[in-house]
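The values are calculated or read from the model by the stated rules, or taken from the named source; none is laboratory data. Predicted model only: the values in this text are computed from it and were never measured. Here the Cβ positions follow ideal geometry from the backbone for every residue, glycine too, while neighbour counts run over all protein chains shown. Accessible surface is based on the protein model in full, side chains and every heavy atom, while ligands, DNA and RNA are left aside. Shrake-Rupley method; radii C 1.70, N 1.55, O 1.52, S 1.80 Å.
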Amino acid sequence: MKRLSLSLVLVFILAGFVFANGAVEDQVTLTAEEEMWSSELHDWSGKTIRVMMIGDPWIDSLIEISKNFERITGAKVIVDGYGYDQTHEKEVLEGNQPNSDVDIIVLDAPWVGEFAEAGYVENLKPYIEKEDSDMIAWNDYFSTFRDVVTWKDQIVGLPFASYYVMGNYRKDILDKEGFDFPVTTDDVKAIAKHFSNNPDYPNMYGVAMNNQSGSAVGQAFFEWIYSFGGKPFMSMYPGSPDSYADMTPNFDSPEAKETVQFFIDLLEYQPEGALSIAWDDRAKYFASGYVAQAFMWSARMAMLEDPNKSAVIDKVDFGLFPSSEPGKSAPPLGGWLMGIASNGNQKDMAWDFIKWFCSEDVHQEFVMAGGPPSRYSIFTDPETTAKYSWLDTLEDTVDRSYADCRPRIPESNEIITTVGTYISRAMTGELTVDKAMKALNVELAEMLSNAGYNVSK
């Protein structure tokens, strides 16, 4: 279903109208766009649909837009949002319940294999095949995220909140001090050093990174390792024909240790309590004007142009993710997909919501309200391109990324947390980088060998 132009968004007053499919008998006011959707969706009057998801900054936009689904179908939509680790724990718990009151599970990219293999979510292929291809517009989704949501012969969920890491820079002060955008990791260090403890920039720090122990710094490692020319496992690298063919850990390689040393070197240029900084913290530090540069998920970009959340409007510019050598940028990707809970009892209603929310027209509304883009059509949409200056950089980023930059196998969550635990021990000085990464290699080799993967050492 194609998006209507604004000039066609007319208001229809429907008093006691009964749609052909039986939808919404009470008096409602629908836009022309919603009227078109009323013939695609069922009547869910008196029903409640529950969505479990991450409580990221755009959750309020999702809740607000979901009211339109309620108007069209008569359903009530309840959205429960949680912190990152808690979201995974609760969704796994729901997946193991014989009867769940959760209808839609919003899962992160690294959990795809785990949720598919455990049967926590439905395979969406049969649902998609029954729909009009123009309404689904599958090829309009970013190609790298189409890869992410596909596991073996299953489509685990529809992409609706794709994340890509981009560089965020205080252009005003970099220009003033004669710095170009940091293209390399050495550039990042030079800028970080210059703006930390600089009397001309009191209360300014050079950078904010994802340092918190566990999944935060574990994910940071998978964000940066490829841009250092490394690979966490022997067959896991951009362009690999089979990312999981050889899961021999490679965390004691020179490139892996260089990545961790890079994290350590940057600690002195970060705000107080740097070892506790995680996703939201680095975004808030940057948006508040306290750091010169940060490397953040594209989901945080909208806040930088929101006057209610940002002190750096018109002072920021964006660039590709840095690398150890020029021209080798490997931007990380991640983000969220909507799946149908296998143990839920309202699968048809869940699919109605998913296909509606992820459609081109509703997705454009979501992005305009601060949601993360997942479709190529956003890059040519006049409203979104006029509103967001960072879309050019995102467009340059999406097809450079690697779908398996974080492993998507069932053991992914355990791997990332284990990696983060050992890196944290190196960052606190409990272990040397060399000892930490060798011990990590041994633990992961045993874990994956016991799980039946090909591990050669």
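The dipole here belongs to region 57-146: it is taken about the Cα centre, uses +1 on the Cβ of Lys and Arg and -1 on the Cβ of Asp and Glu, and is about 200 debye. On a per residue basis, region 39-93 carries 43 Å² of accessible surface, using protein heavy atoms and a 1.4 Å probe. So what's the net charge close to residue 389: Lys and Arg +1, Asp and Glu -1, counting the other residues with Cβ under 10 Å from its Cβ? Net charge around residue 389: -3. For residue 121, the residues whose modelled amide H falls within less than 5 Å of its own, excluding neighbours fewer than 5 places apart on the same chain, are 342.
The distance separating the Cα centre of region 147-163 from that of region 262-295 comes to 31 Å. Under 5 Å from the amide H of residue 49 lie the amide H atoms of 76, 77, 78, each residue being 5 or more positions distant or on a separate chain, with H modelled from the backbone and absent for Pro and chain starts.
Separation of region 68-142 from region 218-239 is 28 Å, based on Cα centroids.
Sorting 180, 43 on solvent-accessible area from highest to lowest, probe radius 1.4 Å, gives 180, 43. The long axis of helix 185-195 is offset from the longest Cα principal axis of the chain by roughly 80 degrees. When we measure straight from the Cα of residue 435, which aspartates and glutamates land under 14 angstrom away, once same-chain ones fewer than 8 places off are left out? Within the straight-line limit of under 14 Å, residue 435 reaches these aspartates and glutamates: 252, 258, 443.
Judged by the mean number of other Cβ atoms found within 10 Å, the most tightly packed of the peptides 374-380, 61-67 leads the ranking 374-380, 61-67.
Tally Lys/Arg at +1 and Asp/Glu at -1 over every other residue whose Cβ is under 9 Å from the Cβ of residue 334; what's the total?
Working: positive: 406; negative: 108, 223.
Residues near residue 334 contribute -1 overall.
From helices alone, the chain scores -11000 deg cm²/dmol at 222 nm; the rule is -39500 (n - 2.57) for each run of n ≥ 4 DSSP H residues, then divide by the residue total.
In straight-distance terms, cross-link reach from residue 171 covers every one of the lysines whose alpha-carbon lies under 16 Å from its own, apart from those fewer than eight places away in the same chain; here that gives 315. Hey, what angle do you get for helix 59-73 against the long axis of the chain, alpha-carbon based, 0 to 90 degrees rounded to 10? Orientation of helix 59-73: about 20 degrees from the principal axis.
Only beta bridges with both residues in the chain are counted; by DSSP, about 70 percent of them are antiparallel.
All other residues with a Cβ under 13 Å from the Cβ of residue 58 taken together, and with Lys, Arg as +1 and Asp, Glu as -1, what is their net charge? Walk me through the numbers before you get to the answer.
Numbers: positive: 300, 309; negative: 56, 60, 64, 280, 306, 365.
It works out to a net charge of -4.
Mean separation of Cα pairs under 8 Å and 6 or more residues apart, divided by the residue count, gives the chain a relative contact order of 24 percent. Tell me the angle of helix 254-266 to the major Cα principal axis of the chain, expressed in degrees between 0 and 90 and rounded to the nearest ten. Between the helix axis and the principal axis of the chain, the angle is about 90 degrees.
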